[in-house]
Amino acid sequence: MKILRTIVFSLVGLIFVTPLIWMLSTSFKYENQVFEKPFVLVHWDDINFGNYRYLLTESPVLTWLSNSLIVVVVSVLCRLLFAAVTGYAFGYLRFRYANTIFLIYLAALFIPYQLSLLPQFIAFRYIGFLDTLWALIVPNIVDILSIFLMRQFFLTFPRDFIHAAYMEGSGVVRSFVRIALPLAQSPMLTLGILSFFMIWDQYYQPLIFLKSPEMFTLPLGIHSFQTQFGHEYAKQMALACIAIVPVLITFLILQKRFVESIVTAGIKG
Amino acid sequence: MKKRRMSYIVLALFLCLSLVLAACGGKEKATNGSGTKDIAQDNNETGNQVTIEVLNISQYADTPEYKAFVERFEEKYPDIKVETISVPHEQYINKRNIMLASGEKVDLIWGNGIYQYDAINKGFLMPIEEVAQEIGVDMTTDFGSSFKPEKDGHYYYFPIQQNNWMLYYNKKVFDDAGVDYPDPYEPLTWEEVADIAERLTQTVDGQKVYGYFYNHWGMYYYGYGSQLTDGKFYTDDLLSNIDDPEFKRSMEWLYDVMNNRGAAMPISQYISNNTDFLSYWNGGFGMVVGAQWYTQLAATKKSEFPRDWKFGIAPMPVPQEMKGKHMNWSSIDSLAVPKNSEHPKEALLFAKEYVSDYTLSTGALPMYNKIDANQYYEDIAEQLKDDDITLEQIIYLFGGDPDVINVAEKPVLAAPQEYESIFLDQIIIYYTGQDELDPVLSSIKDKVDRAILEQKDR
């Protein structure tokens, strides 16, 4: 029984790992070997390191990598802070018209992103955000879904804890920072990891708001290996292999906490 | 003690924040020492120097050849600084539309025939003939007699290159099948191509080799019809003419090759395999009709696309009615000046140098006829000598034949983007056998006509 289970799990695991293996294998091939038949995992007699050599010496891939890291780290931290504060206000403090304002927030979820691109582009030009990483960070700070999740968490938050803090003389800010925020670690960690992956993959925003290659992020860099007539898959896969490293490291470091946080807090918040 | 530790933490946080803030700023901010200059002003003039912004696809803008060309240009014209905005081709139109619609200052934009006509119809471009005169370019004569004004008697774009289409064939596939190579000067008819493709199709070492390769681009379906109708993609009242019997005949030809003779990859397999134009270069196909791109791969990107087979070139196939004639599907890639350009003269100067310097280095022949084409032909012939391709063939097929008959490669006059995308979406229904050709073409015509009329209304 145990052996059978191992075999089934291994097969399922293989299905998930296959795209990664293909990606790695393709990154060491020439363009005209990408869709060769039969599929060859590695051409041992002629491994092509040229894709990596090109990326590391002739393209600004390391700059793209650092831009992506800056955008994602700053965005996630700001987003978490904003979502926690706003969620606390909507979920716990429940001020006057809170529900109405929150509904307006939610309504914003139904506006397709593409519709807001042109006004956003014009606005960013006026405030000088175009072709800067701020154009990617600022829109990421306010995320309605994150606010919604934190609000749900604070709706069920034990009120006695905060009341006790009030009794001890804490104000709203102090009780939030000292009591509510530490207890909201689990949903915030979940939110942080999900936001990390989401922002890391963003392509459309950098495409529209950035101009200079030295400001590009990795997803935009990956797409730049696309010609008028088709893709340069081998180079794209080599870049994808480089791009996946920070994501893998983040996930592996936080894997245990991530699973725990989902189990204890759930994505419900 | 506690206070001091707190101070260190605050200082460290401040430093981190400063670093992040500095990194987030654009390159303008990063290089501007004063920190007081407005970013919008900073973009442009510094003394007498002007900066032109060029929007191009990353396929060209990110190459070492292009960067070297820009350096040479800036050395030659120290008063002009070039800032290139490189955009992945997939999203080029979206970015272009947002930039131009928002009034962003762009001085020069790249485009193929469809893109530039789309820009003309949207009112994004300015006529350039007068500015071109100022830099010594006569739009009426310097690009050949076949180059005509695009709209209302005005020229709106500066041609970079015209595609030169031909038949490429894999000599190994022909040798394996014992089939003679096509004549280097006498074009095959499409019927002959179908017969040869069938003979070339076989299974070698367990691998299927198809005699004919196509791309999922419009001209591979309707291009034969374009040769028969002289590129008449529109009716006289500027609506879609795709249901013309000659276009229908063209599409039926490929259906026969693909589904009856089994000599081309079925379209469902083509799409599910992510097949694209580079797939031909892996060696598993006999013939393909293609423009100069395959030659460019062979000539300038040998190390990236190694082969263990030789290729040959022959004139583009023609319909039986045109037997013996040298034909070409004409499509022009170009650079155009948007209406909101602040430096149209400098932009056109850049365009002129672009065709004279950069285009040649990519293995393509510019339409600008004041450059030395002979050197180009000799260079290409030298690069292709391993494939036994002669200088005479190169001259004949790469733009040196004055008798070549050019017909439109694709529809460009009205709603070109919609025309092409609707066609490609719908035609799959026919090639996968879900419906007959007549209702499919009728549906395409209806949809395209609606798009054309909507654009006219706007």
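The values are calculated or read from the model by the stated rules, or taken from the named source; none is laboratory data. Being a predicted model, the structure only gives us computed values, none of them experimental. Don't worry about glycine lacking a Cβ; one is built from the backbone with ideal geometry, like all the others, and counts go over all protein chains shown.
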**Request:** Confirm whether A:Met215 is within 20 Å of the chain's Cα centre (by Cα), more than 12 Å from chain B (Cβ to nearest Cβ) and closer than 30 Å to A:Ala123 by Cβ.
**Result:** no
**Complete:** The lone condition A:Tyr54 fails out of (1) aromatic (Phe, Trp, Tyr); (2) outside the structural domain of A:Met150 (by TED's automatic domain parsing); (3) at pLDDT below 90 is (2)
**Asked** For segment A:149-170, how many residues meet the condition of being surrounded by 20 or more Cβ atoms within 10 Å (Cβ to Cβ) and not aliphatic (A, V, I, L, M)?
**Response** 3
**Asked** When the residues of segment B:273-301 are filtered to those that are more than 11 Å from chain A (Cβ to nearest Cβ) and surrounded by fewer than 21 Cβ atoms within 10 Å (Cβ to Cβ), which remaining residue is farthest from B:Glu378 (Cα to Cα)?
**Response** B:Thr300
**Complete:** Of the residues in segment B:260-272, those that are away from every other protein chain (no Cβ under 14 Å) and either among the basic types (Lys, Arg) or surrounded by 17 or more Cβ atoms within 10 Å (Cβ to Cβ) (or both) come to B:Arg261, B:Ala263, B:Ala264, B:Ile267
**Request:** Could you tell me which residue of segment B:418-430 is farthest from B:Glu90 (Cα to Cα), considering only residues that are touching a residue at least 60 places away in the same chain (Cβ under 8 Å) and surrounded by fewer than 17 Cβ atoms within 10 Å (Cβ to Cβ)?
**Result:** B:Ile428
**Message:** Looking at A:Leu56, A:Leu24, A:Leu14, A:Leu41 in this structure, which one is on the phi < 0 side of the Ramachandran plot and touching a residue at least 40 places away in the same chain (Cβ under 8 Å)?
**Reply:** A:Leu24
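One line per residue, one yes/no per condition, for (1) at pLDDT 95 or above; (2) in contact with a helix residue (DSSP H, G or I) (Cβ under 9 Å, 6 or more places away or on another chain); (3) under 23 Å from B:Pro338 (Cα atoms):
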position	(1), (2), (3)
B:Cys24	no, yes, no
B:Gly35	no, yes, no
B:Gln49	no, no, yes
B:Asp62	no, yes, yes
B:Tyr66	no, yes, yes
**Leading residue by the ranking (modelled with the lowest pLDDT) among those in segment B:200-230 that are assigned to a loop (DSSP other than H, G, I, E, B) and charged (D, E, K, R)** = B:Asp205
**Request:** Could you check, for segment B:380-387, whether at least one of its residues is buried (at least 21 other Cβ atoms within 10 Å of the Cβ) and part of a helix (DSSP H, G or I)?
**Result:** yes
**Prompt:** Can you name the condition, by its number, that B:Glu252 falls short on among (1) modelled with pLDDT of 95 or more; (2) charged (D, E, K, R); (3) part of a loop (DSSP other than H, G, I, E, B)?
**Reply:** (3)
**Message:** Take the conditions in contact (Cβ under 8 Å) with a residue 60 or more places away in the chain and under 22 Å from the mean Cα position of the chain (by Cα) and apply them to A:Leu191. Does it pass?
**Reply:** yes
**Asked** Got a sec? Which of B:Glu409, B:Glu436, B:Glu392, B:Glu420 is closer than 17 Å to B:Asn163 by Cα, among the acidic types (Asp, Glu) and either modelled with pLDDT of 90 or more or not assigned by TED's automatic domain parsing to the domain that holds B:Asp142 (or both)?
**Response** B:Glu409
**Request:** Go over the candidates B:Tyr354, B:Tyr368, B:Tyr358 one by one and state the one that is more than 29 Å from B:Pro182 (Cβ to Cβ), in contact with a Lys or Arg (Cβ under 8 Å, 6 or more places away or on another chain) and surrounded by 15 or more Cβ atoms within 10 Å (Cβ to Cβ).
**Result:** B:Tyr368
**Fill in**
The number of residues in segment A:171-182 that are free of Cβ contacts under 8 Å to residues at least 60 places away in the same chain and surrounded by 16 or more Cβ atoms within 10 Å (Cβ to Cβ) is 2
**Close pairs from segment B:371-398: first free of Cβ contacts under 8 Å to residues at least 12 places away in the same chain and within 28 Å of B:Val137 (Cβ to Cβ), partner of a type outside the set (A, V, I, L, M) and part of a helix (DSSP H, G or I), Cβ under 6 Å, at least 6 apart** = none
**Fill in**
By residue number, the members of segment A:25-42 that are touching a helix residue (DSSP H, G or I) at 6+ places or on another chain (Cβ under 7 Å), more than 9 Å from every other protein chain (Cβ to nearest Cβ) and either at pLDDT below 90 or more than 30 Å from A:Lys211 (Cα to Cα) (or both) are A:Lys29, A:Leu41, A:Val42
**Request:** Starting from residues that are in contact with a Lys or Arg (Cβ under 9 Å, 6 or more places away or on another chain) and either more than 30 Å from A:Leu69 (Cβ to Cβ) or not aliphatic (A, V, I, L, M) (or both), keep the ones in segment A:106-141 and report whichever is farthest from the other protein chains (Cβ to nearest Cβ).
**Result:** A:Asn140
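To keep it simple, each residue is scored yes or no on (1) touching a helix residue (DSSP H, G or I) at 6+ places or on another chain (Cβ under 9 Å); (2) surrounded by 22 or more Cβ atoms within 10 Å (Cβ to Cβ); (3) polar (S, T, N, Q).
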{"position": "A:Phe197", "(1), (2), (3)": "yes, no, no"}
{"position": "A:Tyr203", "(1), (2), (3)": "yes, no, no"}
{"position": "A:Glu232", "(1), (2), (3)": "yes, no, no"}
{"position": "A:Leu239", "(1), (2), (3)": "yes, yes, no"}
{"position": "A:Lys256", "(1), (2), (3)": "no, no, no"}
**Complete:** Out of (1) out of contact with any helix residue (DSSP H, G or I) (no Cβ under 6 Å at 6 or more places or on another chain); (2) assigned to a helix (DSSP H, G or I); (3) within 16 Å of A:Phe225 (Cβ to Cβ), the one A:Tyr52 does not meet is (1)
**Message:** Yes or no: segment A:200-208 includes at least one residue that is outside any helix (DSSP H, G or I), within 11 Å of chain B (Cβ to nearest Cβ), more than 27 Å from A:Pro19 (Cβ to Cβ) and at pLDDT below 90.
**Reply:** no
